[in-house]
1. Mind checking which of 250, 104, 119 has the largest fluctuation in a GNM of the chain, springs on alpha carbons under 10 Å?
2. In nm, what is the difference between 0.36 nm times the number of residues separating residue 117 and residue 194 and their Cα-Cα distance?
3. Based on Cβ point charges of +1 for Lys and Arg and -1 for Asp and Glu, what charge dipole magnitude is obtained for segment 195-316 about its Cα centre, in debye rounded to the nearest 20?
4. Quick one: what Rg and Dmax do you get for segment 102-228 from the alpha carbons, in Å?
5. For segment 120-199, with only Lys/Arg (+1) and Asp/Glu (-1) charged at the beta-carbon, what is the dipole magnitude about the Cα centre, in debye rounded to 20?
6. Starting from the Cα-Cα distance between residue 261 and residue 26, subtract it from 0.36 nm times their residue separation and give me the gain in nm to one decimal.
7. Going down the list 81/130; 204/261; 126/261; 85/234; 234/261, which pairs span over 24 Å between their C-alpha atoms?
8. Just want the answer: with Cβ charges of +1 for Lys and Arg and -1 for Asp and Glu, which residue in 190, 270, 89 is farthest toward the dipole's positive end in the chain?
Amino acid sequence: GQECRVTASVGICMFPQDAQDEQTLMKNADTAMYRAKAQGKNNVQFYSAEVDLLSLERMALESSLRQALLRGEFSLHYQAKLDLKTGAISGVEALLRWEHPELGTVLPLQFMPLAEETGLIVPIGKWVLKTACNQNVAWQRQGLPPVVVSVNISARQFTEELSGEVAVALQASGMDPHLLELELNEATVMANVARTVPLLGALKRIGVRIAIDDFGTGYSSLAQINRLPIDTLKVDRSVIREIDGNTRDGSIAQTIIAMGKTLSLTVVASGVETPEQQAYLSQQACDEIQGYHFSRPVLPDALAALLRQHVPLPSR
Ligand code: C2E
Ligand code: MG
């Protein structure tokens, strides 16, 4: 009874110019199809020698991504969120960084699609959860006040196994479940609401908080959101970018904030880059902001220093 949209990614390889035997034709068509997927899916790509080169790079990237966990090349940076009412740090978001031996720092946008496609996101995601929980406990051991840590969860991780993995990370670290928040994209959560509800229910029973990330990029309705056991709405950067000091430009942000309030959710504006945006959001009674204006993602020690300057309230 659910409407389902199916899209196709097509790779085309021509005989005889691209390949002469069946095996090579199929291989090259496959390469072109992966290129179509990498270009955002739902499109057509012809095979070319250039495509082949990109695919070689992809294979090299894939094999080094496989090694990265074993070699300890991942780290987490933390970006603080500011409570607009109290001026305290209300929480931090863990953001994954990959220190590649030759390429230097690689950002998630460059490797996350590949990690998702290959399933490598599953072991990487476990490592992120474990590391973020351990860090949270370590900050408290340093005498810092408890702070909520948010961890991004990709679509591929959002399965029946997730609640077990979360429970293990919490138990092994001794972290208070109320201090952990999981961020799920609007698209991940809305892809199949009937499946989402029990998955979120299992996570809520552990005691963790749930945030909808990138909110405002999809088409979720108030009624759909209201069915979900969530705590936080993170308004997408693209919505915040529209705010440029002219009050009328922030009307979508204003509407989302009002909607979040109606549902008693904590509303976080992400990608806040200017004092004008902060002032506007403050005026609209947005709860929290995150963005380069307040702080970039930083290493754990730098975050500890920031926490000392902006003492958070006891956890909600
Ligand atoms: P996200 O969850 O929306 O995270 C926010 C992204 O926006 C981060 O990019 C952050 O550095 C960036 N950002 C923060 N403030 C500003 C700002 O004021 N202006 C601009 N232009 N950008 C800002 P980053 O770290 O490159 O991460 C990108 C995405 O990769 C994240 O988007 C998240 O979806 C994903 N990601 C990051 N870490 C993890 C992880 O550990 N697991 C999973 N599954 N996904 C992750
Ligand atoms: Mg996020």
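The values are calculated or read from the model by the stated rules, or taken from the named source; none is laboratory data. Predicted, not measured: the structure shown is a model, and the values here were computed from it. Ideal geometry is used to build each Cβ from the backbone, glycine not excepted, and the neighbour counts take in all protein chains shown. Just the protein is used for accessible areas: all its heavy atoms, side chains included, with ligands, DNA and RNA removed. Shrake-Rupley method; radii C 1.70, N 1.55, O 1.52, S 1.80 Å.
1. 104
2. Here the answer is 25.3 nm.
3. For this selection, approximately 580 debye.
4. Taking only Cα atoms of segment 102-228, I get Rg and Dmax of 15.3, 49 Å.
5. Dipole of segment 120-199, to the nearest 20 debye: 200 debye.
6. Numbers: separation 235, 0.36 × 235 = 84.60 nm, distance 5.36 nm.
So the extension gain works out to 79.2 nm.
7. Correct reply: 126/261.
8. Working it through, the farthest residue towards the positive pole turns out to be 89.
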